[in-house]
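Enquirer: Here it is: the structure, laid out below.
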Amino acid sequence: MSEAILFDDGKLRCRWCSAAPEFLAYHDTEWGFPVADDFRLFEKISLEGFQSGLSWRTILAKRENFRKAFVNFDFNKIARFTDADVERLLQDEGIVRHRGKIEAVINNARCAQELVATEGSLANFVWRYALPKNPAKPQSQSTSVESVDLSKTLKKRGWKFVGPTTVYAFMQAMGLINDHADGCVIRKKVDKERKAFLAERKKK
């Protein structure tokens, strides 16, 4: 599934984004582009946790509902959620109603606060695990040394639903890896943005 295929507009893209109509815009404007915003990073790792055992199409279709339910993934607000909020969310038909995953987001929000207190920001922490170079064969693996290390570190810090595969998918989406297929029209755009992004981070 790593090869690029030709779309109706005459452009080559990753094959996976042809699987559903809503994937195209997500692929072209979000997937793989570097993200430094803490709330967006927290949103993605939370949604990857919800995706466990499901398809990304299911989660993407419900993403706006998730954002509403979890106050735009502001972990400072989520950290104050109570048992009553868990019960409320379990009644919300717009999201995936899984108690363990809902409780994990609340737990992880508190862990994110602790991480920000010690590391300055979530971005400062996770970007230490960015792959130094692109995988030799895009989309040929579901984990990496870096995703295993990040997963282990998060778990030690108390995070839940952050296994190596979940973390690798998070890294692919947030730009810590450029895993666009060779020939994909977006691959060069992502490389350019990642280069500028990483150069800017080195200055800080």
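Enquirer: Cβ-Cβ distance below 9 Å, separation of 6 or more or different chains: which pairs start in region 169-194 with a residue that is on the phi > 0 side of the Ramachandran plot and end on one that is among the hydroxyl-bearing types (Ser, Thr, Tyr)?
Expert: Close Cβ pairs (under 9 Å, with a partner that is among the hydroxyl-bearing types (Ser, Thr, Tyr)) do not exist here.
Enquirer: Answer yes or no as to whether Arg110 is modelled with pLDDT of 95 or more and either loosely packed, with under 15 Cβ neighbours inside 10 Å or of a type in the set (Phe, Trp, Tyr) (or both).
Expert: It is false that Arg110 is modelled with pLDDT of 95 or more and either loosely packed, with under 15 Cβ neighbours inside 10 Å or of a type in the set (Phe, Trp, Tyr) (or both).
Enquirer: Turning to a different aspect of this structure: I'd like to verify a number: residues in region 118-136 that are within 19 Å of Ile45 (Cα to Cα) and more than 19 Å from the chain's Cα centre (by Cα), how many?
Expert: Residues meeting the conditions: 2.
Enquirer: Which of the residues spanning region 6-29 are out of contact with any helix residue (DSSP H, G or I) (no Cβ under 6 Å at 6 or more places or on another chain), closer than 27 Å to Val71 by Cα and surrounded by 15 or more Cβ atoms within 10 Å (Cβ to Cβ)?
Expert: If the condition is that a residue be out of contact with any helix residue (DSSP H, G or I) (no Cβ under 6 Å at 6 or more places or on another chain), closer than 27 Å to Val71 by Cα and surrounded by 15 or more Cβ atoms within 10 Å (Cβ to Cβ), then Tyr26, Asp28 are the ones that fit.
Enquirer: Here's a follow-up. Name the single residue that is farthest from Gly32 (Cα to Cα) among those in region 139-161 being open to solvent by less than 50 Å² (accessible area, probe 1.4 Å) and of a type in the set (A, V, I, L, M).
Expert: Ranking the candidates gives Leu154 first.
Enquirer: Still on this structure, please answer the following. Kindly establish whether Pro138 is assigned to a loop (DSSP other than H, G, I, E, B) and over 15 Å from Tyr168 (Cβ atoms).
Expert: The answer is no for Pro138.
Enquirer: All but one of (1) over 30 Å from Glu200 (Cα atoms); (2) open to solvent by 70 Å² or more (accessible area, probe 1.4 Å); (3) without any contact (Cβ under 8 Å) to a residue 12 or more places away in the chain hold for Ala136; which doesn't?
Expert: Status for Ala136: all satisfied but (1).
Enquirer: Pick out the one residue from Gly32, Gly49 that is under 13 Å from the mean Cα position of the chain (by Cα), under 20 Å from Val126 (Cβ atoms) and in a loop (DSSP other than H, G, I, E, B).
Expert: Sole residue among the options that is under 13 Å from the mean Cα position of the chain (by Cα), under 20 Å from Val126 (Cβ atoms) and in a loop (DSSP other than H, G, I, E, B): Gly32.
Enquirer: Right, next: Does Arg80 satisfy being open to solvent by 30 Å² or more (accessible area, probe 1.4 Å), among the charged types (D, E, K, R) and within 15 Å of the chain's Cα centre (by Cα)?
Expert: Criteria not met by Arg80.
Enquirer: Out of Ile102, Ile95, report the one residue that is closer than 26 Å to Tyr26 by Cα, assigned to a loop (DSSP other than H, G, I, E, B), among the hydrophobic types (A, V, I, L, M, F, W, C) and at pLDDT 95 or above.
Expert: Selected residue: Ile95, the only one of Ile102, Ile95 that is closer than 26 Å to Tyr26 by Cα, assigned to a loop (DSSP other than H, G, I, E, B), among the hydrophobic types (A, V, I, L, M, F, W, C) and at pLDDT 95 or above.
Enquirer: Find the residue count for region 145-204, including only residues that are under 21 Å from Leu60 (Cβ atoms) and not in a helix (DSSP H, G or I).
Expert: 13
Enquirer: Return the pairs, sorted by first residue and then second, in which the second residue is part of a loop (DSSP other than H, G, I, E, B), the first residue lies in region 15-41 and is of a type in the set (Phe, Trp, Tyr), the beta carbons are less than 7 Å apart, and the residues are 6+ apart or on different chains.
Expert: The qualifying pairs are Trp16/Met1; Phe33/Gly175; Phe39/Asp74.
Enquirer: Does region 127-152 hold any residues that are in contact with a Phe, Trp or Tyr (Cβ under 8 Å, 6 or more places away or on another chain) and on the phi < 0 side of the Ramachandran plot, and which are they?
Expert: Let us first name the residues in region 127-152 that are in contact with a Phe, Trp or Tyr (Cβ under 8 Å, 6 or more places away or on another chain), namely 139, 141-144, 146-147, 149-150.
Answer for region 127-152, where residues must be in contact with a Phe, Trp or Tyr (Cβ under 8 Å, 6 or more places away or on another chain) and on the phi < 0 side of the Ramachandran plot: Gln141, Ser142, Thr143, Ser144, Glu146, Ser147, Asp149, Leu150.
The values are calculated or read from the model by the stated rules, or taken from the named source; none is laboratory data. What you see is a predicted model; the values in this text were computed from it and never measured. Here Cβ is always computed from backbone atoms with ideal geometry, including for glycine, and neighbour counts include all displayed protein chains. These area figures cover heavy atoms from the full protein model, side chains too; ligands, DNA and RNA do not enter into them. Shrake-Rupley method; radii C 1.70, N 1.55, O 1.52, S 1.80 Å.
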